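Contents: one structure, followed by commentary.
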Amino acid sequence: MTKTKTLKNHKEIYLPQKVKILDVVDMTSDVKLYKLEQPKGFFYSPGQFLMASVWGAGEVPISITSSSELHDDIELCVRKVGAVTSALHELKAGDYMGIRGPLGNGFHFEEAYGKDILFVAGGIGIAPLRSLINLVISQKKKFGEIALVYGSRNPSEVLFVPQLLDWKKEGIRTTITVDVKNAECEYCTGIVTEHLTRQKISFKTGHSYICGPHVMLKAVMRDLSLMGMSQDNIITTMEAHMKCGVGKCGHCYADGKYICTDGPVFSYSEIKQYNLLNSP
Ligand SMILES: Cc1cc2nc3c(=O)[nH]c(=O)nc-3n(C[C@H](O)[C@H](O)[C@H](O)COP(=O)(O)OP(=O)(O)OC[C@H]3O[C@@H](n4cnc5c(N)ncnc54)[C@H](O)[C@@H]3O)c2cc1C
Ligand code: FES
């Protein structure tokens with residue numbers, strides 16, 4: 001299991017650290033990539049998240065899209081949807097913001113050693129998976145076939161395009177699919193579930209890591225299970241409304257599990273057992 005820093009004392013849990021924004025990259029009309037100065041001793045696993053804050057605006061959970069082992073800075077990919085993410089989008093390189101974390105359990109991908117892996121991402125769901133994909137690629141001899149199916153609404157919303165090309169060069173079977181094509185678009189068409197059966201992996205013994213909107217998660221997990229994949233090996237990262245991020249406020253509590261501390265990464269078996277897809 002990857003070593004994960006745990007927050008011990010009260011102050012560490014609730015007090016944001018002030019970090020400098022090193023760079024901000026416009027990825028699409030409403031998504032920006034932030035490179036943040038990494039505090040000393042800060043170590044995180046793929047699938048973990050931060051509470052990201054802007055003074056006067058508030059705090060929101062955001063997945064870490066970089067990989068601790070491969071990057072010296074922390075990368076966050078943020079879609080502007082409301083008050084706090086809009087305030088984040090106003091920040092520029094050289095400004096400061098707050099971070100608390102790393103939080104959550106993260107992916108335990110060592111269970112997939114020797115097996116095929118299928119990554120399935122929808123929209124900004126590619127951000128938390130990117131951290132894991134880069135780590136898996138850095139150890140790719142330890143795995144069987146690796147495939148990625150990534151869906152976006154239209155070609156202009158496809159994120160991390162240069163990185164997707166690098167992954168292809170690394171031998172990852174990459175299917176990029178969009179709901180709406182334009183004339184020059186070289187991507188496939190259709191929703192991600194339409195491309196699952198074409199993947200050249202062993203569904204019976206393989207592992208899948210999925211991230212995207214609820215409706216996509218439900219459909220992909222159901223289909224992979226019907227295709228013979230063990231529900232213990234179908235792994236996803238869940239979103240929920242969060243306030244504290246550390247299991248204290250109860251905002252993300254769902255039938256026996258806190259999404260923030262027991263998750264956000266869960267297997268399909270756990271999601272069914274605890275009815276997590278109907279969480280707040
Ligand atoms: C563990 C975790 C990891 C996340 N990682 C990322 C990430 O890497 N990048 C990213 O852009 N976003 C991520 N999110 C979602 C992000 O936290 C929300 O978009 C953010 O909280 C919205 O805050 P706001 O103040 O800008 O919007 P608000 O003003 O609070 O809300 C605007 C709209 O967004 C909806 N909304 C708010 N929070 C959520 C949520 N958690 N899920 C779905 N809809 C929501 C509201 O219902 C409302 O319709 C993550 C969420 C969680 C729980
Ligand atoms: S966000 Fe407070 S308990 Fe999970």
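Things to note:
- Selected residue (criterion: farthest from Ala240 (Cα to Cα)) from residues of segment 57-72 that are modelled with pLDDT of 95 or more and away from ligand 2 (no atom under 16 Å from the Cβ): Ser66
- The single condition among (1) within 23 Å of Asp26 (Cα to Cα); (2) crowded, with 20+ Cβ neighbours inside 10 Å that Lys181 does not satisfy is (2).
- When each of Gly250, Gly228, Gly245 is tested for being part of a loop (DSSP other than H, G, I, E, B), out of contact with any His (no Cβ under 6 Å at 6 or more places or on another chain) and within 12 Å of ligand 1 (Cβ to nearest atom), the lone residue that passes is Gly245.
- Cross-chain or 6+ apart pairs with Cβ under 7 Å, segment 236-260 first and in contact (Cβ under 8 Å) with a residue 12 or more places away in the chain, then outside any loop (DSSP other than H, G, I, E, B) and near ligand 2 (Cβ under 6 Å from one of its atoms): Gly247/Tyr258; Cys252/Tyr258
- The condition (being on the phi > 0 side of the Ramachandran plot and touching a residue at least 40 places away in the same chain (Cβ under 8 Å)) is satisfied by just one residue among Gly123, Gly114: Gly123.
- From the list Thr193, Thr177, Thr197, the one residue that fits, being in a strand (DSSP E or B) and either free of Cβ contacts under 8 Å to residues at least 60 places away in the same chain or out of contact with any Lys or Arg (no Cβ under 8 Å at 6 or more places or on another chain) (or both), is Thr177.
- With respect to the conditions (1) surrounded by fewer than 16 Cβ atoms within 10 Å (Cβ to Cβ); (2) away from ligand 2 (no atom under 16 Å from the Cβ); (3) touching a residue at least 12 places away in the same chain (Cβ under 8 Å), Ile210 falls short on a single one, namely (1).
- The single residue among Gly256, Gly247, Gly228 that is away from ligand 2 (no atom under 16 Å from the Cβ), surrounded by fewer than 17 Cβ atoms within 10 Å (Cβ to Cβ) and small (Gly, Ala, Ser) turns out to be Gly228.
- Any hit, segment 18-26, residues being in contact (Cβ under 8 Å) with a residue 12 or more places away in the chain and part of a loop (DSSP other than H, G, I, E, B): no
The values are calculated or read from the model by the stated rules, or taken from the named source; none is laboratory data. Given the structure is predicted, the values throughout are model-derived calculations rather than measurements. Using ideal geometry, Cβ is built from the backbone for each residue, glycine included, and neighbour counts are taken over all protein chains shown.
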